[in-house]
Amino acid sequence: MAAPPIQFDLTDLRLFVLTAEERNLTRAAARQNLSLAAASARIKALEAQSGLLLFAREARGVRLTPPGEAFLHHARGVLRQADQLRADLLEYGEGLGGHVRVFANTTAVTDFLPEILPGFLSANPRVSIDLQEKPNAEIPRGVLVGRSDIGIVAGPVDTLNLRSIHFSTDRLVLVTSRRHPFARRRRIGFAETLDEDAVGMQQGSTLETFLSNMTSQLGRQLKLRIQLSSFDAMCRMIGAGVGVGVVPESAARRNQGSMNLALVELTDAWSVRERYILVRDNESLPAYAEALVDAIRSHYKEAGSPTGAKSHP
């Protein structure tokens, strides 16, 4: 005899996902504008209908059980499809044409997406973009579980079998003022720079986290004098003689003449990083999200940067 179907609505699913993310039913209920009693009843009804314990109750909150992990995966999938349905229907009205969620690393957020997005948004006036900076290692997970539609990463990253679309090659270089002794060098190893005062990106940024890891592997620490929120600000400080810094080559060249900078090639293999767009392979993107992927790839084709002809898992 077939088991009776589980009855739930989108409010149940959103509440379940929020509870799993918060690991706390009280906070999830508040975010869903429900009373704690109503939220608790909804979760208990889901568990009763499934005949499984979805959350283990603990002193300070809840945690997912193995069946709960499976339920979370499918709940996020249903909510993604509901959001896409809503967005597609809006195409026929006067409202917003689409909404694209993008998780990207520091270089993408602060350096090249600001060049690409104005043209894309101008050409697609009914599309909005939620762009969030995330560490490279967190981006694939965000795409996989549906918190992001598109991910942009650079360098060696576990892509979790997502579809990976190569679009350009990034190079990190050492940037100094033209008066610095290193300015006379053509190439240098990162380890040789660690006795110098350093100018870096803000705490928690992708590049700062990456360089901190590289420095720790050498048993050293960066001698940071100042941390900033953009590569252009870094270049300004470096040009003024505050210290040296590791910056994407594109940002360094953009500021080289106006800020009296010298660029020195890094000999470390990790300084050359392939850039990829990540998307889920088992479902098609909405047309407006595909258009954003195409805009990013086209930008680098027009600039003459290698883009790669294939995508792969």
Worksheet entry | Most fluctuating residue given options 262, 38, 137, as computed from a GNM of the chain linking Cα atoms under 10 Å | 38
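With Kirkwood's inverse mean 1/r over C-alpha pairs for Rh, give me the Rg to Rh ratio of the stretch 204-257, two decimals please.
Checking Rg against Rh, the ratio lands at 0.97.
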Worksheet item: When the convex hull of the C-alpha atoms of the stretch 159-313 is computed, what volume per residue in Å³ does it have?
Response: 137
Worksheet entry | Highest-MSF residue in the chain out of 67, 248, 140 [GNM, Cα springs under 10 Å] | 67
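Kindly work out what percent of the DSSP beta bridges joining two residues of the chain are antiparallel, to the nearest 5. Walk me through the intermediate numbers first.
Values: 27 of 45 bridges.
Just about 60 percent of them are antiparallel.
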Fill in: Relative contact order of the stretch 10-89, pairs being alpha-carbon contacts under 8 Å that are 6 or more residues apart, as %
32
Worksheet item: Under a point-charge model restricted to the Cβ atoms of Lys and Arg (+1) and Asp and Glu (-1), what is the dipole moment magnitude of the stretch 10-89 relative to its Cα centre, in debye to the nearest 20?
Response: 220
Fill in: Relative contact order %, the chain, counting alpha carbon pairs below 8 Å whose residues are six or more apart
20
Worksheet item: Using alpha carbons only, how many degrees (0 to 90, rounded to 10) separate the axis of helix 36-50 from the longest principal axis of the chain?
Response: 70
Item to complete: Quick one: what are the phi-derived ³J(HN,Hα) couplings along the stretch 181-191, Karplus 6.51/-1.76/1.60 with θ = phi - 60°, whole Hz, x for glycine and proline?
Response: x, 5, 4, 7, 8, 8, 9, 7, x, 4, 4
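Take the Cα radius of gyration of the stretch 1-61 and divide it by 2.2 N^0.38 Å, with N its residue count; two decimals is plenty. Kindly include the intermediate steps, with their values, before the conclusion.
On the way: Rg = 11.9 Å, N = 61, 2.2 N^0.38 = 10.5 Å.
Normalised by 2.2 N^0.38 Å, the Cα Rg of the stretch 1-61 equals 1.13.
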Worksheet entry | For the stretch 150-169 versus the stretch 47-73, the gap between their alpha-carbon centres in whole angstrom | 32
Worksheet, complete the sentence: In whole µm²/s, the translational diffusion coefficient that Stokes-Einstein assigns to the chain, given a Kirkwood hydrodynamic radius over C-alpha pairs, 10 °C and 1.306 mPa s, equals 72
Worksheet item: What is the set of long-range amide H partners of residue 178 at a cut-off below 5 Å, with H atoms built 1.01 Å from backbone N?
Response: 262
Discussion item. Give me, ordered by chain and number, the residues 5 or more places off residue 223 or on other chains with an amide H under 5 Å from its own placed amide H.
Written reply: 198
Item to complete: Return the long-range amide H neighbours of residue 245 (sequence gap of 5 or more, or a different chain), with a cut-off of under 5 Å between placed amide H atoms.
Response: 175, 199
Discussion item. I want to verify a result. In a Gaussian network model of the chain, Cα cutoff 10 Å, which of these has the top mean-square fluctuation: 236, 14, 31?
Written reply: 31
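Computed from the coordinates by the stated procedures, all read-outs in this text should not be read as laboratory data. Not measured: the values here are computed from a predicted model. Every residue, glycine as well, gets a Cβ built from its backbone with ideal geometry; the counts of neighbours run over all protein chains shown.
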